[in-house]
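The values are calculated or read from the model by the stated rules, or taken from the named source; none is laboratory data. Computed from a predicted structure; not experimentally measured. For neighbour counting, all protein chains shown are included, and Cβ atoms are generated from backbone atoms with ideal geometry for every residue, glycine included.
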Amino acid sequence: MSDTSFTGRLRSFADSDLFYSFRRSKTTIIAAAALVLLFVTAVFAPQIAPHNPFDIAGLNLLDSELPPSWMEGGNPAYWLGTDTQARDVVSSIFYGLRISLFVGFASVLLAAVLGVFLGLVGGFVSGFVDAIIMRVADVLLSFPAILVALLINGVMRGILPANQHEGAAIVVLVLAIGLTNWVQYARTVRGSTLVERQREYVQAARTIGVGRLRIMLTHILPNVLGPVLVIATINLGMAVLTEATLSFLGVGMPPTQPSLGTLIRVGNEYLFSGIWWVVIFPSATLAVLVLAVNLIGDWLRDALNPKLR
Amino acid sequence: MLVFLVRRLLQAVMVMLAVAFIAFLMFRYLGDPVNNIVSQDATQEQREEVRKRLRLDDPLILQYGRFVVNAAQGDFGVSYRNSRPVSALLAERFPATAELVLVAAILSLALGIPLGIYTALKPRGVLSQGLQILSLVGISLPTFVTGILLILVFSVWLGWLPSFGRGDVIDIGWWWTGFLTATGLKALILPSFMLCLFQLTLIMRLVRAEMLEVLRADYIKFARARGLRNRTIHFRHALKNTLIPVVTIFGLQLGGLIAFAIITETVFQWPGMGALFIQAVNFTDVPVMAAYLVMVSLLFVIINTSVDLLYNVIDPRLRTDQTRATGRGA
Amino acid sequence: MRKFLLAATAAALVQLGLVGAAGANTLRYASAGDIYGLDPHSMTDSFSINFLLHVYEPLVRYNKELKIEPALAVSWEVVKPDVIRYKLRQGVKFHDGSDFTADDVVMSLMRATDDKSPIKGNLPALKSAETVDDYTVDLHLSGPTPLLNNYLTNIAIFDAQWLEKNGAVKPVNAELGEEGYTTTHANGTGPFKLESRRPDAQTVLVANEAWWEKPEHNLTKVVHTPISSDATRVAALLSGEVDIITPSPLQDAKRIAGSPGTKVLESPGLRTIMMNFNMRDKLVDGNVEGNPFRDVRVRKAVYQAINMDLVRDKIMRGKSRNAGMQIAPEVPGFDEKLNRRFPYDPAAAKALLTEAGYPNGFQFNMNCPNDAYVNDEEVCQAMTAMLAQVGLNAKLVTEARTLHFKKAQEGQTDMFMIGWATLPMLDGFSVLSAMLHSPEDKLGTWNPGDYKNAKVDELTKKIDVELDEAKRRQMMIEAFGITEEEVAWLPLHQQPLSWAVRDNVEVVQTADDLLRLWYTRIK
Amino acid sequence: MALLEVENLKVEFPTRKGVLTAVDNVSFSVEQGEILGVVGESGAGKSMTGAAVIGLLEPPGRIGGGQIRLDGKRIDNLSPDEMRKVRGRHIGAIFQDPLTSLNPLFTVGKQLIETIRTHLPMPAAEARKRAIEWLAEVGIPAPDRRIDQYPHQFSGGMRQRVVIALALCAEPRLIIADEPTTALDVSVQAQIIALLKRVCRERNAAAILVTHDMGVIAETADRVAVMYAGRLAEIGPVARVLQKPSHPYTAGLMGSIPRIGPRPDRLVQIEGSMPRLTDIPKGCAFNPRCPKAIAECHHLRPELRPVADGAAACLLYEGVTQ
């Protein structure tokens, strides 16, 4: 009888195949470490960041555009230098990461859940329902996230009283990115569901009276998780960047609270002008984030894939 | 097959109507076009006049109805910004985007599939691990940063490639093509590579995942048992089976390319529909935006339908079984 | 190391012929946006109109010092307070060879001020025009119009026969879905002729050998391409694909100056950036009763809380010029004494706030564009930080200009940023009539904050019809004095013009940020 | 000299919990034209033995010891390419599920012609003629029309016939059939078995028939080898082994087959189940379940001894008294 206490469960996890394949591949360990590090810095940003870039009263324009501390003209208080608004680059990355991680993961989750469910329903219950879902997908597919965001933003601003706009900004971002990205998941899952639906094990399950919903979730879903994971991990990077473009349109976070994406978008204007650190470090952070997520996605997909075990 | 096409056509019309309706709903939140038409020091009375002449104050439904009726006759109205009929603008711009997206798509397949196969056949190889990480870096850097870096290296430092524009184009009747001139081709290299980067990574990873799975299939084991050469097994038997799901994803991602073209065209000043759309958003040029969205939605329906048809061509199981073909294609 | 690398590429480029002499004297010019079309009467965008004034010509034009000088008209005299007689230049030919006569002027003026013409507002006072003889025209006005010539500098003169032949007598009105012959064809008298045009891709002009004036320029061909992305535009210059770019991003100035073969031209421009105060009864996004901005002490506190020297040195890299007035020195109505700003003094600002009853400040909305003016978003962010230091909590929103100006126009902001260059009339009256006069049919269109001062309204109406230039300027200075005392607006600075050229290009940079190629030479 | 000689074959699987031995020094040989049946519960190592002979062990499985000789030449230590030439040309294979053994996207003819031309250089036209002959040979009606059809257009039985054609078209002299009839219904099974016997007899080809179905073995095989937990329990002529099994495990197996006949006696059931590879008992692997187990069986591992006209690995035959 498996020991269901926490330590027991932990021990049984420790010697399971999953953990074994994790231990063996070096890249996955590094990726996991990087991801944990990024999460920790994001969650504990206020505690560990040397400065608070969002406290605009504390900014002193005199020390803007300082190079990283190890270069001449650098100030040791600002390890990686400061940006045009005299915000410490390191702290801005920590705070920016917080927003980008939340928006990124929340929107990918929303898109994945919505997409997978509609894909399953579409593929499983083909015919009329399937046609509607696919056509709604086509409609949504043609709208770039930018336009959907403006619509949701407009509606949200219309409903909520002025003082709640701050909080609403994040919700608008997640909804906008999520609602425009679910289509990829839906179509992929639909494709696989059409194939799986023919398989004997599904017909067998139906003959013994298993509910359609349970069949979809417990039988078909594990088999279609592979491509979904690939898309989800790749889309995370895209979601963070889309958030930056939306902020540019005034829909996202206010400029005084830049996300990681916004730091890159603003910094990009200065790529040529010599203050490269304003864009290179945030971009590097994003690159590490996306890399880590995708490598872990790969490992998870191979480890969980029922066929590969 | 005909029934399938007719049904898809009907659905396409519905999709376009829905897209146009949502587009009109949305334009109210994009800012007021009048601000851009009249000069900054125009009087309130002048603004009212423009609003009246553009019939902006009509109820939404009326504006939408008028748009649909005109669109049916191919008249998408005139752009507020450069006072030219939208249909002419789109006809001029479509070839630029089409050629860019086409080359990017081909590039992503030409690079994506072989790389996907290589990383699948030698999963543990150092090179394939490296390739995988490299491909990931390609999509984790924001596109506008990669674009600028490409320009910095290939135009400014090396001076090999132009940093902007589409080079010389030749008018072959109804289409402006950049394929037939040296400068046109040179101008195409950087933007198409930047555009294909995202698609390339996705195809590579999907081909790898599918190939790994196919290599475990019984018919592959049987093929090896028959002593067939590795090359035949990998590139004939395994590859064809791998490509079926990749076709779906590719068809789907083709749509993504069109949306992505917007950023690429702005960075490389590529005179395509994407750049036109961004100008329209900045200028709240309602006719251009509405026409662009309707056309893009038509494009998506066409792409999705052709992908489903392509499914039948590649997968003989469907082709020979007519009834299931229409079922599957719904 | 980078310096060496760039030098090497420049040398390499020459051998590659990428940079090589493309034709005798071809100038490749890249700007941020493309011209909207080829008909100068069908649009109000000042960049497009100026570009087209290389192909078409007005009766009078601005010279290098932005003073009015004769163009197609050689002289003018006041026959009656509301009738001005213009003597036209003789022997001038249009590009298609037909002669320039008085009929062309009358039809062009009537076309520009036609009821359906979008630029009707640029020539408000004209009632009708009448030919006296082949080379003399009388303009009948609705009243004395001291700024008539300023307006005429922007009205292009078409060839009457050419218009009739191509059915383009009526102006083209984009909003009504018309596309006229003049949108895609051009026939002017100007120094350059249109050779070819692919919208948003390339427009090519060639020198007009038969131009009536001896050309100061030595160009044979001009190739204009729009490049909207700043970084790409700079790259195009550095890689030698273009000879001149306007505007050139401020932050890249050091880099361009440092690269071999390129240099930067910078000077403060006419466009004055300023902030509007919402003086209506309630704040849009405030947390206090009523509207503190109605109290001049609060407005003065905001004024003195902002350190414009720091903004100039840090954000604008020392290139902007701080402004006390809402107009630049080149604009009539400017007065040196009035241009001195209230001193930056956070302590005084806090004292004023306490005196006005808001010891720990209050919350309000501040709306700025992020793609309209030089470093607009960065300036607003810096101001938000400075205001926070005196307890004023500005909730900053930055967005694209169409969204920003829509909100500003509809009074949905407490403070909003706007830039004003008084073009095309180039006169203080433009600010007084649009921004300081209380909203009243044609006046006060950019006064959503509802600032109202009877004396200023009275003075503005008098200035509109005062023909005596000295008296007109005195009244303008008096009006501006009042509005400054009352801190009706918060002027910030004149933003810098920044163009970048290859070393072999000599160009005249004028404060209105408009490139006049007939003064440009290639060494 | 026998066509195929397998000596002390050992197949190992290195896993993180130590090296597992799936086939533990098995020896047997197959003469020309002879059909050797290999039976045993699933997981006894039957398929693993077949896979080892044809060199298709799934990694990380590997041959840990012993030799496999075909026509006297060792084939267990060949380079991958040399082994590839053996497969198909000298050793044919037939797998269990006809549904998945054929590539769905290629016509049956294309797969046949491809295999023929890989091993027997001939022009395409002639290869096609040969392929049609093979389809006829395995009993496919209207072969010249059906050659251009796709696998999904054939029934289960028909597809297994195509698989057999594919396995034989390069004229191998040894066939390894791994559960060829398991996926088919009974009526089709009989046809496939008859086809297999006829083909082997006509070509004097040897065959190893791996199955858990005693009925198939009784009808088809000349000799039968019984495997238990990766070891060879007994081997001998099929008639004798079925009637008078020497090894207690074989007896148990035979007892559990329902017989058509007058006496409705109870079926003999063997208690417990076959041990997993990770926990094979010391001594004779069958001892915990063996009714005749004696003390020594728990720690002495029996050698394969000639018994009657075959051989068996059981302490009963090593003169060890009760």
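Table for the structure above
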| read-out | value |
| --- | --- |
| Region B:14-58, subset over 18 Å from residue B:285 (Cα atoms) and in a loop (DSSP other than H, G, I, E, B), residue modelled with the lowest pLDDT | B:41 |
| Residue list for region C:387-398, filter: assigned to a helix (DSSP H, G or I) and surrounded by fewer than 23 Cβ atoms within 10 Å (Cβ to Cβ) | C:388 |
| Among (1) surrounded by fewer than 17 Cβ atoms within 10 Å (Cβ to Cβ); (2) at pLDDT below 90, the one test that residue C:220 misses | (2) |
| Checklist (1) within 14 Å of chain B (Cβ to nearest Cβ); (2) of a type in the set (Val, Ile, Thr); (3) touching a residue at least 40 places away in the same chain (Cβ under 8 Å) applied to residue C:204, failing item | (3) |
| Which listed residue, of D:236, D:215, is out of contact with any Pro (no Cβ under 6 Å at 6 or more places or on another chain) and assigned by TED's automatic domain parsing to the domain that holds residue D:21 | D:215 |
| Among (1) buried (at least 24 other Cβ atoms within 10 Å of the Cβ); (2) at the interface with another protein chain (Cβ under 9 Å from one of its Cβ atoms); (3) farther than 25 Å from residue A:189 by Cβ; (4) at pLDDT 75 or above - the single one residue A:251 does not satisfy | (4) |
| Residue in region A:150-165 that is modelled with pLDDT of 80 or more and under 24 Å from the mean Cα position of the chain (by Cα) present | no |
| Criterion: within 13 Å of chain C (Cβ to nearest Cβ), over 18 Å from the mean Cα position of the chain (by Cα) and either within 20 Å of residue A:90 (Cβ to Cβ) or not acidic (Asp, Glu) (or both) - qualifying residue of A:213, A:221, A:271, A:217 | A:271 |
| Residues being away from chain B (no Cβ under 14 Å), under 20 Å from residue B:226 (Cα atoms) and surrounded by fewer than 22 Cβ atoms within 10 Å (Cβ to Cβ) - total across region D:137-156 | 2 |
| Selection from region B:211-257 of residues that are within 24 Å of the chain's Cα centre (by Cα), of a type outside the set (Ser, Thr, Tyr) and more than 7 Å from every other protein chain (Cβ to nearest Cβ) | B:243, B:244, B:246, B:247, B:250, B:251, B:253, B:254, B:256, B:257 |
| In region C:370-390, the residues that are at the interface with chain A (Cβ under 10 Å from one of its Cβ atoms), at pLDDT below 90 and touching a Lys or Arg at 6+ places or on another chain (Cβ under 7 Å) | C:371 |
| Residue D:111 being of a type in the set (S, T, N, Q) and in a helix (DSSP H, G or I) | yes |
| Qualifying residues in region C:356-386 (those that are assigned to a strand (DSSP E or B) and more than 21 Å from the chain's Cα centre (by Cα)) - the one surrounded by the fewest Cβ atoms within 10 Å (Cβ to Cβ) | C:363 |
| Those residues of region A:51-72 which are more than 14 Å from chain C (Cβ to nearest Cβ) and surrounded by fewer than 12 Cβ atoms within 10 Å (Cβ to Cβ), in sequence order | A:70, A:71, A:72 |
| Condition broken by residue A:137, with the remaining ones in (1) at the interface with another protein chain (Cβ under 9 Å from one of its Cβ atoms); (2) more than 21 Å from residue B:303 (Cα to Cα) satisfied | (2) |
| Test result for residue B:127, loosely packed, with under 15 Cβ neighbours inside 10 Å and more than 10 Å from chain A (Cβ to nearest Cβ) | yes |
| Residue in region C:326-344 that is within 14 Å of chain A (Cβ to nearest Cβ), under 30 Å from residue C:66 (Cβ atoms) and surrounded by fewer than 21 Cβ atoms within 10 Å (Cβ to Cβ) present | no |
| Output for region D:72-130, where each listed residue is touching a residue at least 60 places away in the same chain (Cβ under 8 Å) and exposed (fewer than 14 other Cβ atoms within 10 Å of the Cβ) | D:72 |
| Those helices (runs of 4 or more DSSP H) lying entirely in region A:164-257 with at least 2 residues in contact (Cβ under 8 Å) with a residue 24 or more places away in the chain and among the aliphatic types (A, V, I, L, M) | A:165-198, A:221-248 |
| Subset of region B:275-290 (residues that are within 12 Å of chain A (Cβ to nearest Cβ) and over 16 Å from residue C:33 (Cβ atoms)) | B:289, B:290 |
| Verdict on residue C:462 being at pLDDT below 90 and surrounded by fewer than 23 Cβ atoms within 10 Å (Cβ to Cβ) | no |
| Flag if residue D:60 is assigned to a loop (DSSP other than H, G, I, E, B) and away from chain B (no Cβ under 13 Å) | no |
| Test: residue C:508 is on the phi > 0 side of the Ramachandran plot, in contact (Cβ under 8 Å) with a residue 40 or more places away in the chain and either buried (at least 21 other Cβ atoms within 10 Å of the Cβ) or of a type in the set (A, V, I, L, M) (or both) | no |
| Condition check for residue C:233: touching a Gly at 6+ places or on another chain (Cβ under 6 Å), within 14 Å of another protein chain (Cβ to nearest Cβ) and not in a loop (DSSP other than H, G, I, E, B) | no |
| Leading residue by the ranking (modelled with the lowest pLDDT) among those in region C:414-455 that are β-branched (Val, Ile, Thr) and in contact with a Phe, Trp or Tyr (Cβ under 9 Å, 6 or more places away or on another chain) | C:422 |
| Test: residue in region C:215-226 that is touching a His at 6+ places or on another chain (Cβ under 9 Å) and in contact (Cβ under 8 Å) with a residue 40 or more places away in the chain | yes |
| Flag for residue C:75 being under 14 Å from residue C:139 (Cα atoms) and among the hydroxyl-bearing types (Ser, Thr, Tyr) | yes |
| Within region D:294-322, considering residues that are buried (at least 18 other Cβ atoms within 10 Å of the Cβ) and among the small types (Gly, Ala, Ser), the one nearest to residue D:234 (Cα to Cα) | D:312 |
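This table checks each residue for (1) closer than 29 Å to residue C:280 by Cβ; (2) among the charged types (D, E, K, R).
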position: C:476; (1), (2): yes, no
position: C:480; (1), (2): yes, no
position: C:486; (1), (2): yes, yes
position: C:489; (1), (2): yes, no
position: C:492; (1), (2): yes, no
position: C:502; (1), (2): no, yes
position: C:506; (1), (2): no, yes
position: C:510; (1), (2): no, no
position: C:517; (1), (2): no, no
